[in-house]
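Here the structure comes first, spelled out in structure tokens, and everything after it is commentary.
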Amino acid sequence: MTTSLTSSRVVTYSPALTLVPTYECFNRCQYCNFRVDPLVDRWMSLQEAEERLQVAKSQSVIEILILSGEVHPQSPRRAAWLHRIYDIGELALKMGFLPHTNVGPLSQSEMAFLQRVNVSMGLMLEQVTPTLLQGVHRHAPSKSPELRLQQLEQAGQLKIPFTTGLLLGIGESQRDRIATLKAIATCHQRWGHIQEVILQPHQPGTYQLQTLPAFTANDLANFVSTARQYLPADITLQIPPNLVTNQSDLLAAIANGAQDLCGIGPFDEVNPDYHHPKLLGLKHQLQNAGLIMRPRLPIYPRYDHWLAPAPRQVVAQWRLSLQDMASIPQLPLSRPEVANPGSGN
């Protein structure tokens, strides 16, 4: 059963640009539309990253999501890969953006290294059931539930504001999903570091090795209620609007407790067949339902004091900027405006 939408309820999103240091990955998840084989992909150079960031300066981007395929932990190229990720984060921070890194499981020392140039980090837990290691994860050793739970624990120990989430519809049961929610809740109760949980419905894509049925938007809207029951109230629930194309299902998910629409930018690297909605059209759609859509930072205010001085200063500047934006009276949107789909704002 859904709850009613309250008048002028705020739904947040992050104006984001995704930078991919490399698409190569030693995992072969059967549903993946992102990866390429190791040694096939050319890594993003710092010059390329800077060019992308310069363009983003005129597009109201706040968050730089550094999203990478995984170089094997025992690979002689692992250190170079880690330093490339660090250098892109450092560059983004120096240019006034807020980096958020999600690059697969890391050792505690690797995580602490990247913490210096990030305001938050993330890793999808996906599902804690080990049965998927004989299914869609049979060629994906870093999808071990124990390894991924360890990442959540390490982030808590290091005081890293963290985003995690569930991938829905990859062979798990409802009991598995609830077990995953409980595992996230337990970790957060120990460390208090999990900002957001993404509920990502699987959608079939062009490049995946195994075709799985879509996790329907109606099922997603219903599962939002379940997630809200099992997760602490201070964890924000996110849903990706490009994977929920039906307006009624999107509004039902929000009514059931979804509070955020994830990062919205030029391109969804993980789901390339499903483009992000045009922002002004989405704002208009929500406004008609009595909702206000507002940008946010990739770190929530209660975690600002965890940051080192340099990233904390950039965050403080953005907080002032968003306050100024919120004080400007907003004109009503009489119709969906035409927006550049690559603008990210």
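Here are some notes:
- Condition met for Pro21 (touching a helix residue (DSSP H, G or I) at 6+ places or on another chain (Cβ under 9 Å), more than 23 Å from Leu322 (Cα to Cα) and part of a loop (DSSP other than H, G, I, E, B)): yes
- Test: residue in the range 167-183 that is buried (at least 20 other Cβ atoms within 10 Å of the Cβ) and farther than 21 Å from Leu243 by Cβ: no
- Selection count where residues are out of contact with any Gly (no Cβ under 7 Å at 6 or more places or on another chain), closer than 22 Å to Ile64 by Cβ and of a type in the set (D, E, K, R), scope the range 19-50: 4
- Any chance Gly156 is at positive phi and under 20 Å from the mean Cα position of the chain (by Cα): no
- In the range 123-164, residue farthest from Arg312 (Cα to Cα) [restricted to those that are surrounded by fewer than 23 Cβ atoms within 10 Å (Cβ to Cβ) and of a type in the set (Gly, Ala, Ser)]: Gly135
Residue-by-condition table, conditions (1) of a type in the set (Gly, Ala, Ser); (2) within 21 Å of the chain's Cα centre (by Cα); (3) assigned to a loop (DSSP other than H, G, I, E, B):
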{"site": "Pro76", "(1), (2), (3)": "no, no, yes"}
{"site": "Asp87", "(1), (2), (3)": "no, yes, no"}
{"site": "Glu90", "(1), (2), (3)": "no, yes, no"}
{"site": "Ser109", "(1), (2), (3)": "yes, no, no"}
{"site": "Ala112", "(1), (2), (3)": "yes, yes, no"}
{"site": "Met121", "(1), (2), (3)": "no, yes, no"}
{"site": "Leu125", "(1), (2), (3)": "no, yes, yes"}
{"site": "Thr131", "(1), (2), (3)": "no, no, no"}
{"site": "Arg138", "(1), (2), (3)": "no, no, yes"}
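- Qualifying positions in the range 58-102 - within 22 Å of Trp318 (Cα to Cα) and in contact with a Gly (Cβ under 8 Å, 6 or more places away or on another chain): Gln59, Ser60, Val61, Glu63, Ile64, Leu65, Ile66, Pro99, His100, Thr101, Asn102
- Scanning the range 50-74 for residues that are assigned to a loop (DSSP other than H, G, I, E, B), closer than 30 Å to Ser321 by Cα and modelled with pLDDT of 95 or more yields Val61, Ile62, Ser68.
- Contacts under 6 angstrom Cβ, first residue in the range 95-120 being at pLDDT below 95 and aromatic (Phe, Trp, Tyr), partner surrounded by fewer than 18 Cβ atoms within 10 Å (Cβ to Cβ) and not in a loop (DSSP other than H, G, I, E, B), 6 or more apart: none
- Among the conditions (1) surrounded by 15 or more Cβ atoms within 10 Å (Cβ to Cβ); (2) modelled with pLDDT under 95; (3) in contact with a Pro (Cβ under 7 Å, 6 or more places away or on another chain), the only one that Leu220 does not satisfy is (2).
- Taking the criterion of being among the small types (Gly, Ala, Ser), in contact with a strand residue (DSSP E or B) (Cβ under 9 Å, 6 or more places away or on another chain) and in a loop (DSSP other than H, G, I, E, B), the only residue of the range 187-240 that qualifies is Ala214.
- Condition met for Arg302 (farther than 26 Å from Gly156 by Cα and not β-branched (Val, Ile, Thr)): no
- Hits in the range 44-75 (condition: over 20 Å from Ile264 (Cβ atoms) and crowded, with 20+ Cβ neighbours inside 10 Å): Ala49, Ser68, Gly69, Glu70, Val71
- Tallying residues that are in a loop (DSSP other than H, G, I, E, B) and either within 30 Å of Gln30 (Cβ to Cβ) or over 17 Å from the mean Cα position of the chain (by Cα) (or both) within the range 241-294 yields 23.
- Residue match in the range 76-97 (condition: touching a Lys or Arg at 6+ places or on another chain (Cβ under 7 Å), farther than 30 Å from Phe223 by Cα and buried (at least 19 other Cβ atoms within 10 Å of the Cβ)): no
- Annotation: of all residues in the range 108-122 being among the small types (Gly, Ala, Ser) and touching a helix residue (DSSP H, G or I) at 6+ places or on another chain (Cβ under 8 Å), the one that is surrounded by the most Cβ atoms within 10 Å (Cβ to Cβ) is Ser120.
- Flag for Glu90 being over 30 Å from Leu133 (Cβ atoms), in contact (Cβ under 8 Å) with a residue 40 or more places away in the chain and out of contact with any Asp or Glu (no Cβ under 8 Å at 6 or more places or on another chain): no
- Residues (hydroxyl-bearing (Ser, Thr, Tyr) and out of contact with any Leu (no Cβ under 9 Å at 6 or more places or on another chain)) located in the range 94-122: Ser107, Ser109
The values are calculated or read from the model by the stated rules, or taken from the named source; none is laboratory data. Predicted model, so just to flag it, every value in this text is computed and none were measured. All Cβ positions, even for glycine, are placed from backbone atoms using ideal geometry, and neighbour counts span all protein chains on display.
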